Amino acid sequence: MKTLFVAYRVTDLDRSLSFYTALGYAELGRVDGGDGSHLVILKFPGEPAASLELVHRPGDGPIDVGSGFDHLAIQTDTLAATLERLTDAGLEPGPVQYPGGPRGPKTSWLTHPDGYRIEWVEWPPGHPDGITAADFS
C-alpha cells in the first residue's frame with residue numbers, strides 16, 4: 001500500500017490553482033462533478049504520479065480548516081531559490097528557520113489563502129531523500 005495524495009477543499013478554485021502553480025505544481029487532470037463542483041489533480045513536474053487534489057464544492061460555502069489539520073511538507077533542493085521564486089510570484093513565505101540547529105534542515109512556512117500551512121524543507125548535505133527511520137535513531 002501507499003498514500004496516493006492529499007486532498008484539500010478550497011473556496012476559490014482559480015485563486016488556489018494560481019497559488020499551487022506558483023509553488024511549482026502542474027495540473028495533471030480534472031473531474032467535473034456537476035453543480036459547479038470540480039476535482040483538480042496536481043503533481044510536481046518531477047513526480048511520477050499525482051500528489052495533491054483540490055476539491056472545489058462552491059455549494060458547501062467557505063472553507064474552515066479547523067484544528068485537526070496541521071500542515072503539508074514539501075522538500076526542495078535549494079530553499080533560498082524556492083523562496084525567491086515564491087516571492088517573485090507575489091507570495092509571502094516566512095523566514096528561514098533551523099529547527100534541528102545549524103547542521104539540521106532549513107525550513108520556511110507559507111500559508112495558502114484558505115489557511116492551509118505549507119512547510120518547505122531543505123535537507124542538509126548528505127541527508128537521504130525524504131524522511132526515513134534513520135532520522136529517528
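Rule-based calculations on the coordinates, nothing more; no lab input. This one's a predicted model, so the numbers in the text were calculated from it and none came from an experiment. No Cβ is skipped: glycine too gets one built from the backbone with ideal geometry, and neighbour counts run over all protein chains shown.
Over the stretch 32-87, all Cα pairs binned in 10 Å intervals from 0 give whole-percent P(r) values of 17, 34, 36, 13, 0, listed from short to long.
Highest GNM mean-square fluctuation among Phe69, Phe19, Phe44, for the chain modelled with Cα contacts below 10 Å: Phe69. Mean-square fluctuations from a GNM of the chain, with a 10 angstrom spring cutoff on Cα atoms, peak among Ser37, Ser18, Ser67 at Ser67. Given R₀ = 25 Å, FRET efficiency for Asp70-Val31 by Cβ-Cβ distance, to 0.05? About 0.40, to the nearest 0.05. Relative to the dominant Cα principal axis of the chain, helix 79-88 is inclined by about 40°. Simple rule: put +1 on each Lys or Arg Cβ and -1 on each Asp or Glu Cβ in the chain, find the dipole, and look at Gly101, Ser16, Leu86; the Cα lying farthest toward the positive end is Gly101. Computed 3J(HN,Hα) for the stretch 24-31, one whole-Hz value per residue from the Karplus formula 6.51 cos²θ - 1.76 cosθ + 1.60 where θ = phi - 60°, is x, 5, 10, 6, 8, x, 8, 10, glycine and proline marked x.
For the stretch 67-126, the square roots of the Cα gyration tensor eigenvalues, ordered a ≥ b ≥ c, give a/c of at least 1.5 with a/b no greater than b/c, which places it in the oblate category. Check which residues have an amide H placed less than 5 Å from Leu28's amide H, if you skip close sequence neighbours. Amide H to amide H, under 5 Å and 5 or more residues apart or across chains, Leu28 pairs with Ile41, Leu42, Lys43.
About the centre of its Cα atoms, the chain shows a dipole size close to 260 debye [charges on the beta carbon of Lys, Arg (+1) and Asp, Glu (-1) only; nearest 20 debye]. With the simple model of a label 7 Å out from the Cα in the direction of the Cβ, Thr78 to Thr111 spans 3.0 nm.
For the chain, the longest piece that avoids every one of the trypsin sites (Lys or Arg not before Pro) found in DSSP loops with at most 15 other C-beta atoms within 10 Å covers 3-102. Charge dipole (Cα centre; +1 on Lys/Arg Cβ, -1 on Asp/Glu Cβ; no other charges) of the stretch 1-79 amounts to roughly 140 debye. Both the radius of gyration and Dmax for the stretch 1-96 are 14.4, 42 Å, in that order, over alpha-carbon atoms.
Among beta bridges from DSSP that stay inside the chain, the antiparallel ones total about 70%.
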